[in-house]
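Quick note: the coordinates plus some simple rules give every number you see, no bench work behind them. None of the values given here were measured: they were computed from a predicted structure.
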Amino acid sequence: MEIQLTTSEIRAILQGCQYTLRLVGSSKDYRKIQSSEYFSTSNDVVLNQLSVISYQLPVISY
């Protein structure tokens, strides 16, 4: 099954993601995790074939 999205639909999705990332990024808990030496993240986006966004968050124990 192939999903076809218009440019407007993709833009709306990305704007929603941007809002969510800003909201999460403003969290004190997230900033504490992000400042850890064990924190890493990767983002991969591929358009016109398959859209993939992957986030890798490590398990951090305090």
A chain fully extended from Tyr30 to Gln15 at 0.36 nm per residue, minus the present Cα-Cα distance, gains in nm 3.4 nm
Which values of log₁₀ I(q)/I(0), to two decimal places, follow from the Debye formula for region 1-42 at q = 0.29, 0.31, 0.34 Å⁻¹ with a uniform point scatterer at every Cα? -0.98, -1.03, -1.08
